[in-house]
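Notes follow the structure.
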Amino acid sequence: MNIQTPLKKVAYVPSDREKTFLDSVESAKYDRQIITGLQKFATGKVPEDMQGFYSAQELQALDALKGTDQDVEARMPVKITRHYFDLAKNSKPIQVLVKASPSETFDMDGSADPGKQMDYSPVEGLIHKYELGLIYVVGTCSAHCRFCYREELIARKEVERPDGTVAAKGMAQIADIVDYVKEHNRIVAENGGRHPQTGRERLREILMSGGDPMVLANKNIAAWFAALSEVGIESIRLGTKELAFYPDRFDATFFDMLDKFHVTYPQTKLRFMVHFNHPDEFLRKDEAGRFMDEPGGGLQWVESTKRAIAQFGQRQWLTVDNQAPIIKGINNDPDALRIMQRELKRNKVENHYFFCGRDIIGHKAFNVPIEEAWRILNESQKGLSGVETHARLSITHYKGKTEVAAVSNEPAPGIPGGENGVVVLKLLRGAADAPDRGKITILGRNPEAIWFSDYNDRVIYDEAGLFDGVKP
Ligand code: SF4
């Protein structure tokens with residue numbers, strides 16, 4: 001945990017440069033046509049063409065769970081935009097992603113915080129790991145993925161803190177985050193480049209997350225960008241699924257704000273971390289449900305998504321990367337992932353990570369076993385070119401981000417414990433510090449495993465220390 005003297009609360013005062021930039025930003029209004037709650041489907045209070053989205057039997061089964069321990073909407077409220085509904089009409093994977101199902105709460109085993117994120121939260125709304133800080137800036141999205149592992153934030157549940165107290169997660173506030181960054185970086189600078197208590201380097205990158213920051217107005221996003229830039233953050237990432245839920249959000253006023261930000265703060269780089277799970281979220285289909293060839297190469301995109309992606313592509317000073325979990329019934333499909341990786345790269349979106357699910361409460365209906373997820377990704381990358389296969393399969397250990405680097409099909413002769421083959425994990429980044437990067441852990445295979453603990457009795461070699469039980 002990061003230990004720093006508590007700071008006195010002072011209201012944030014923007015600089016003149018910030019004020020000038022913020023005064024120039026226009027916030028537009030959007031009509032996402034969002035439907036919130038199952039009740040609207042049950043009582044027919046949705047537009048006519050949406051009325052059959054849930055069958056009578058589905059609504060009945062969900063209603064029967066209401067108020068019980070298995071209440072599906074208490075776990076994750078139902079929310080969908082018109083744009084996403086139109087895509088879902090012709091896509092089973094998208095329906096699984098966005099439609100509530102009784103199976104979600106059949107097995108509620110799991111941990112509230114398997115990655116022990118709260119251990120790295122020195123300030124409300126901030127997770128500080130190594131040189132990166134993640135901030136929760138908003139607690140909702142335009143639509144809700146049923147598999148979301150931020151459901152405690154979105155459904156406003158209370159979580160246990162490392163000090164034993166229990167409270168709902170709060171949102172990051174500009175004044176608190178700016179003060180924390182300033183103080184952390186001051187201490188680091190005065191101590192030869194490392195924090196004397198935590199060993200961490202300068203905080204130079206912040207990921208704006210939630211929820212989805214793109215539900216905020218341009219002015220609010222701009223205020224975060226400017227404040228983080230003023231305090232010396234070099235790269236700002238913004239995690240969003242809005243390109244799938246409501247691509248028209250990426251309109252001229254938004255790109256105008258980005259351009260003005262770049263002119264005012266050219267030293268700060270923007271990295272958009274987008275979230276497509278399946279090509280049905282951005283490709284057009286014909287009446288038979290097939291993707292359509294684009295004359296001249298590639299496949300045809302949904303017009304509004306294509307327009308937004310093209311706008312991003314014109315700005316060389318920002319990057320767009322896709323990352324997504326591999327989820328049962330949605331994208332545990334090598335062919336879909338192959339098409340997605342190829343089309344994204346062709347349109348200047350880098351394939352960054354695919355994630356294994358977490359051993360989180362209410363996630364059993366969505367978890368694909370770790371070794372199966374590796375096989376699906378590996379299979380999907382057969383036939384792709386080198387530049388299309390940059391994505392790695394990642395699983396988040398509390399010690400840091402870990403890659404599922406390899407799973408052998410054959411027994412590993414001469415390796416005790418490797419009779420059914422082995423899994424090789426590689427530590428990509430430590431949560432507290434960097435020196436362990438590249439260290440590996442070798443495990444005997446367990447095809448059913450969905451989390452590290454399922455390998456506790458199969459550790460063959462643990463250079464990375466993923467199974468030593470020691471907290472960093
Ligand atoms: S977009 Fe992300 S944060 Fe929002 S519901 Fe989906 S997974 Fe959760």
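Exactly one residue out of GLU205, GLU183, GLU131 is more than 20 Å from the chain's Cα centre (by Cα), closer than 19 Å to SER229 by Cβ and acidic (Asp, Glu): that is GLU183.
Does GLY357 fit the bill of being crowded, with 19+ Cβ neighbours inside 10 Å, on the phi > 0 side of the Ramachandran plot and not in a helix (DSSP H, G or I)? So GLY357 does not fit the description; no. Among the conditions (1) away from the ligand (no atom under 15 Å from the Cβ); (2) in contact with a His (Cβ under 8 Å, 6 or more places away or on another chain); (3) not in a loop (DSSP other than H, G, I, E, B), ASN322 misses just one, which is (1). In this structure, PHE261 does not satisfy being within 15 Å of the ligand (Cβ to nearest atom), of a type outside the set (A, V, I, L, M) and either touching a residue at least 60 places away in the same chain (Cβ under 8 Å) or not assigned by TED's automatic domain parsing to the domain that holds LEU344 (or both). Tally the residues that are surrounded by 14 or more Cβ atoms within 10 Å (Cβ to Cβ) and not in a helix (DSSP H, G or I), restricting the search to the range 303-319. Here the count works out to 3.
Scanning the range 325-335 for residues that are in contact with a strand residue (DSSP E or B) (Cβ under 9 Å, 6 or more places away or on another chain) and more than 16 Å from the ligand (Cβ to nearest atom) yields nothing. Selection over the range 195-214 of residues that are away from the ligand (no atom under 16 Å from the Cβ) and either in contact with a strand residue (DSSP E or B) (Cβ under 7 Å, 6 or more places away or on another chain) or among the basic types (Lys, Arg) (or both) gives a count of 6.
Yes/no per residue for (1) crowded, with 17+ Cβ neighbours inside 10 Å; (2) modelled with pLDDT under 95:
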{"residue": "PRO416", "(1), (2)": "no, yes"}
{"residue": "VAL422", "(1), (2)": "yes, no"}
{"residue": "LEU425", "(1), (2)": "yes, no"}
{"residue": "ALA434", "(1), (2)": "no, yes"}
{"residue": "GLY444", "(1), (2)": "yes, no"}
{"residue": "SER453", "(1), (2)": "no, yes"}
{"residue": "ASP457", "(1), (2)": "no, no"}
{"residue": "ILE460", "(1), (2)": "yes, no"}
{"residue": "ASP468", "(1), (2)": "no, yes"}
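The listed residues are ALA61, ALA100, and the only one of them that is of a type in the set (Gly, Ala, Ser) and within 14 Å of the ligand (Cβ to nearest atom) turns out to be ALA100. Of all residues in the range 190-201, those satisfying the criterion of being part of a loop (DSSP other than H, G, I, E, B) and surrounded by fewer than 17 Cβ atoms within 10 Å (Cβ to Cβ) are ASN191, GLY192, GLY193, ARG194, PRO196, GLN197, GLY199, GLU201. Restricting the range 78-104 to residues that are among the small types (Gly, Ala, Ser) and not in a loop (DSSP other than H, G, I, E, B) leaves a set whose member that is modelled with the highest pLDDT is ALA88. When you look at ASP436, is it assigned to a loop (DSSP other than H, G, I, E, B) and closer than 25 Å to TYR130 by Cβ, yes or no? In short, yes.
Evaluated against (1) within 28 Å of the chain's Cα centre (by Cα); (2) under 26 Å from LEU216 (Cβ atoms); (3) not small (Gly, Ala, Ser), LYS19 falls short on exactly one condition, (1).
Against the condition buried (at least 19 other Cβ atoms within 10 Å of the Cβ) and assigned to a loop (DSSP other than H, G, I, E, B), how does GLY329 come out, does it pass? Answer is no for this residue. Beta carbons closer than 7 Å, at least 6 apart along the sequence or on distinct chains, pair a first residue in the range 132-144 that is over 19 Å from ALA223 (Cα atoms) and more than 10 Å from the ligand (Cβ to nearest atom) with a second that is assigned to a strand (DSSP E or B) and at pLDDT 95 or above for LEU132/GLU205; LEU132/LEU207. Reported count of residues in the range 209-249, each being over 18 Å from VAL349 (Cα atoms), assigned to a helix (DSSP H, G or I) and under 13 Å from the mean Cα position of the chain (by Cα), is 1. Among the residues of the range 228-258, count how many are surrounded by fewer than 17 Cβ atoms within 10 Å (Cβ to Cβ) and within 16 Å of the ligand (Cβ to nearest atom). The qualifying residues number 0. Scanning the range 261-275 for residues that are surrounded by fewer than 22 Cβ atoms within 10 Å (Cβ to Cβ) and touching a helix residue (DSSP H, G or I) at 6+ places or on another chain (Cβ under 6 Å) turns up THR264, TYR265, THR268.
Could you look through the range 264-285, keep only residues that are within 16 Å of the ligand (Cβ to nearest atom) and of a type in the set (A, V, I, L, M), and pick out the one that is farthest from ILE309 (Cα to Cα)? Among those residues, the one meeting the criterion is MET273. For the range 61-77, the set of residues classified as closer than 9 Å to THR105 by Cβ and either of a type in the set (Gly, Ala, Ser) or in a loop (DSSP other than H, G, I, E, B) (or both) consists of THR68, ASP69, GLN70, ASP71, ALA74, listed by residue number. Summed over the range 279-318, the residues that are free of Cβ contacts under 8 Å to residues at least 60 places away in the same chain and on the phi > 0 side of the Ramachandran plot give a count of 3.
A residue that is in contact (Cβ under 8 Å) with a residue 24 or more places away in the chain and within 16 Å of the ligand (Cβ to nearest atom) occurs somewhere in the range 172-192.
The values are calculated or read from the model by the stated rules, or taken from the named source; none is laboratory data. Predicted model, so just to flag it, every value in this text is computed and none were measured. A quick note on method: Cβ atoms are made from the backbone with ideal geometry, for glycine too, and the neighbour counts reach across all protein chains shown.
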